[in-house]
Amino acid sequence: MSPSHCEFVRVEGDTSLKLQQQVCFQLTYLRLLLLITRVHPPRPDWYEEFYASVLNSEAMKSYEAEIAAYKSQLFTNLRGKAKKILEIGIGTGPNLKYYANDADLEVFGVDPNGKMERYAHEAAEAAGLLPANFKFIQAVGEAIPLSDASVDAVVGTLVLCSVTDVDQTLQEVKRVLRPGGLYLFVEHVAAKDGTLLRFLQNILDPLQQTVSDGCHLTRETGKQIFEAGFSGVELSTAFLSNAAFINPQVYGLASK
């Protein structure tokens with residue numbers, strides 16, 4: 001069910017549509033807050049700010065430099081095809097420079113960490129996106145607060161490793177996409193069973209989840225995308241020298 005929808009609530013003693021709509025909105029907003037709390041338990045402000053600053057620091061620059069060629073190729077699929085884009089797990093906005101330079105483009109950026117908002121707005125402005133055309137929404141991928149079939153494309157990079165429910169997030173991606181819409185993704189996945197890399201991932205996975213905001217090293221995300229019910233999936237694999245044990249990485253697009 002779309003978290004942006006709710007049935008009108010009959011208020012005893014006052015049947016005005018306006019009041020019903022206000023109550024409906026407040027109840028919907030409360031449900032979203034409760035869901036965010038359940039799926040993404042609150043972290044201390046200092047941790048949220050620290051994590052946002054790390055993602056915006058030089059620590060991520062080497063990764064972004066190496067993945068740039070893959071992203072550049074991937075995001076060409078949006079040119080002339082999308083006017084309304086949702087990015088889940090937008091973080092500090094490193095992807096915006098690849099697709100957000102169209103004056104007519106409208107972008108929604110969803111992230112459970114509200115401390116990312118300032119950095120995301122700065123990245124949107126740097127990419128050339130009009131301030132009025134970018135909206136940051138603090139929410140989780142499992143309950144995207146947008147209407148059904150409301151966007152032309154969904155972008156998600158290094159997101160499904162950290163969500164609580166991968167399958168539910170993918171169903172939400174499908175829900176908000178219009179028919180024929182595109183889901184563009186870059187995700188790190190588990191190495192092959194029996195390899196040294198997979199052995200290390202199995203050992204480091206609990207620590208990774210603790211220090212990297214719930215990031216899992218051993219998810220079979222590519223397989224889950226294939227099984228999510230998209231009409232078509234194109235997926236490629238890459239190994240990045242700067243990603244260490246966060247390999248391999250899968251990238252591609254899925255069509256609704």
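With the condition kept exactly as written, say whether any residue in the range 70-80 is in a loop (DSSP other than H, G, I, E, B) and open to solvent by 10 Å² or more (accessible area, probe 1.4 Å). Yes, the conditions are met somewhere in the range 70-80.
Determine, yes or no, whether V140 is touching a helix residue (DSSP H, G or I) at 6+ places or on another chain (Cβ under 6 Å) and farther than 15 Å from L253 by Cβ. Considered against the rule, which asks whether it is touching a helix residue (DSSP H, G or I) at 6+ places or on another chain (Cβ under 6 Å) and farther than 15 Å from L253 by Cβ, V140 comes out as yes. Criterion applied to L235, L204, L200 was being surrounded by fewer than 23 Cβ atoms within 10 Å (Cβ to Cβ), at pLDDT 95 or above and either on the phi < 0 side of the Ramachandran plot or out of contact with any helix residue (DSSP H, G or I) (no Cβ under 8 Å at 6 or more places or on another chain) (or both), and the one residue passing it is L235. Only residues that are surrounded by 15 or more Cβ atoms within 10 Å (Cβ to Cβ), touching a residue at least 60 places away in the same chain (Cβ under 8 Å) and not in a loop (DSSP other than H, G, I, E, B) were counted across the range 173-197, and they come to 14. Of T164, T221, T169, T157, all but one fail to be at pLDDT 95 or above, surrounded by 13 or more Cβ atoms within 10 Å (Cβ to Cβ) and farther than 23 Å from I67 by Cα; the exception is T169.
Determine whether G252 is within 19 Å of the chain's Cα centre (by Cα) and part of a loop (DSSP other than H, G, I, E, B). The answer is no for G252. Taking the criterion of being under 18 Å from the mean Cα position of the chain (by Cα) and not acidic (D, E), the residues of the range 202-222 that qualify are Q209, S212, G214, C215, H216, L217, R219, T221, G222. Can you spot a residue in the range 99-121 that is within 20 Å of D152 (Cα to Cα), in contact (Cβ under 8 Å) with a residue 40 or more places away in the chain and either in a helix (DSSP H, G or I) or among the charged types (D, E, K, R) (or both)? There is at least one residue in the range 99-121 that is within 20 Å of D152 (Cα to Cα), in contact (Cβ under 8 Å) with a residue 40 or more places away in the chain and either in a helix (DSSP H, G or I) or among the charged types (D, E, K, R) (or both).
The values are calculated or read from the model by the stated rules, or taken from the named source; none is laboratory data. Please read all numbers here as calculations on a predicted model, not as lab measurements. Reconstructed Cβ throughout: ideal geometry from the backbone, glycine too, with neighbour counts over all protein chains shown. Note: accessible area is taken over every heavy atom of the protein model, side chains too, but ligands, DNA and RNA are not part of it. Shrake-Rupley method; radii C 1.70, N 1.55, O 1.52, S 1.80 Å.
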